[in-house]
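So the structure is just underneath, and the comments pick up after that.
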Amino acid sequence: MTPAPGSASAEPDTAAAGADGGPGPVRAPGLEPALVSGLRSLRQGLSPFSRDVAGTAGARILAAGLGFLAAALGARLLGPGGWGVFAVALALTSLIAQFGNLGLHSANTYHVTRNSALAPALAGNSIAVCLAIGALAALLAVVEVFRPGLYPVSGVVLDLALAGVPFLLAGILLRSLLLGLGDVWAYNIGEVLPPAAMLVMIAALGLSGRADPTTVVAAGVTGLAAGGVFSGLALRRHLPAPVRYSFP
């Protein structure tokens, strides 16, 4: 029935006709725009500090989840013995890097937050420490030649584990500068990238049938290298001057 002229228009349909002539899905008018507007208002209501904290927490949770998936996949591909070799190799890498950072990661964040002009010198010192600890790791590999069985892993696996030390250390130290300079986005990417790259490479090794302790350790070291290189490239655009060294 056609509404009379001047009368109020008919109420809008809440359901569109389906392809078979029946009623389509019911949608509340304006629900999606209201939801998007609400999320946008919530995001704008958060302070920059709160957003940074939430983003960093989310990145750490994501990195932990990716690491767990990589561990589960690697353990399935290698079996208990092979995965044990991988775990010991990366534990050795982490142990040397943690002792070798000399507390510079905390000092970097503190000093660059107070004075961003110090970033080139702090970056140079961080790179120098990475190279020095890398040289020490290479010396440890030479010692293994004369004292076989000195370390819990040996051969190519040991060489790969020691090669990962400067990359892991670079990721730790350079990311601390990114955090002090306020580039939380790059800091979080540097957190997530190593386990993500490791997971992708382990999956590729599994699909190709080439997964063994040596290749999986190589995948782990490649992930560490990706994190260190990314942190260095992200830091470059924040440096007001070329990298320099400022050791006393």
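A compact table of results
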| quantity | calculated |
| --- | --- |
| Among (1) over 20 Å from V221 (Cα atoms); (2) open to solvent by 30 Å² or more (accessible area, probe 1.4 Å) - the single one V112 does not satisfy | (2) |
| Pairs with Cβ under 7 Å, 6+ apart, first in region 175-195 and of a type in the set (D, E, K, R), second open to solvent by 20 Å² or more (accessible area, probe 1.4 Å) and at pLDDT 95 or above | none |
| Single match in A141, A128 (criterion: open to solvent by less than 50 Å² (accessible area, probe 1.4 Å), modelled with pLDDT under 90 and part of a helix (DSSP H, G or I)) | A141 |
| Of the criteria (1) of a type outside the set (V, I, T); (2) open to solvent by 60 Å² or more (accessible area, probe 1.4 Å); (3) part of a loop (DSSP other than H, G, I, E, B), which one F99 fails | (3) |
| Matching entry among A117, A91, A123 (being hydrophobic (A, V, I, L, M, F, W, C), closer than 19 Å to H238 by Cβ, out of contact with any strand residue (DSSP E or B) (no Cβ under 9 Å at 6 or more places or on another chain) and surrounded by fewer than 20 Cβ atoms within 10 Å (Cβ to Cβ)) | A117 |
| Search result, residues across region 144-161 that are open to solvent by 10 Å² or more (accessible area, probe 1.4 Å) and either part of a helix (DSSP H, G or I) or in contact with a Gly (Cβ under 9 Å, 6 or more places away or on another chain) (or both) | E144, V145, F146, G155, V156, V157, D159, L160 |
| Residue check, A211 in contact (Cβ under 8 Å) with a residue 40 or more places away in the chain and either outside any helix (DSSP H, G or I) or open to solvent by 50 Å² or more (accessible area, probe 1.4 Å) (or both) | yes |
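Okay, residues lined up against (1) crowded, with 16+ Cβ neighbours inside 10 Å; (2) touching a Gly at 6+ places or on another chain (Cβ under 7 Å); (3) part of a loop (DSSP other than H, G, I, E, B); (4) among the aliphatic types (A, V, I, L, M):
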{"residue": "L193", "(1), (2), (3), (4)": "yes, yes, no, yes"}
{"residue": "L207", "(1), (2), (3), (4)": "no, no, no, yes"}
{"residue": "V221", "(1), (2), (3), (4)": "yes, yes, no, yes"}
{"residue": "V229", "(1), (2), (3), (4)": "yes, no, no, yes"}
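The values are calculated or read from the model by the stated rules, or taken from the named source; none is laboratory data. The structure displayed is predicted, hence computed values, not measured ones. Every residue, glycine as well, gets a Cβ built from its backbone with ideal geometry; the counts of neighbours run over all protein chains shown. Protein only, heavy atoms only, side chains kept; ligands, DNA and RNA dropped before computing areas. Shrake-Rupley method; radii C 1.70, N 1.55, O 1.52, S 1.80 Å.
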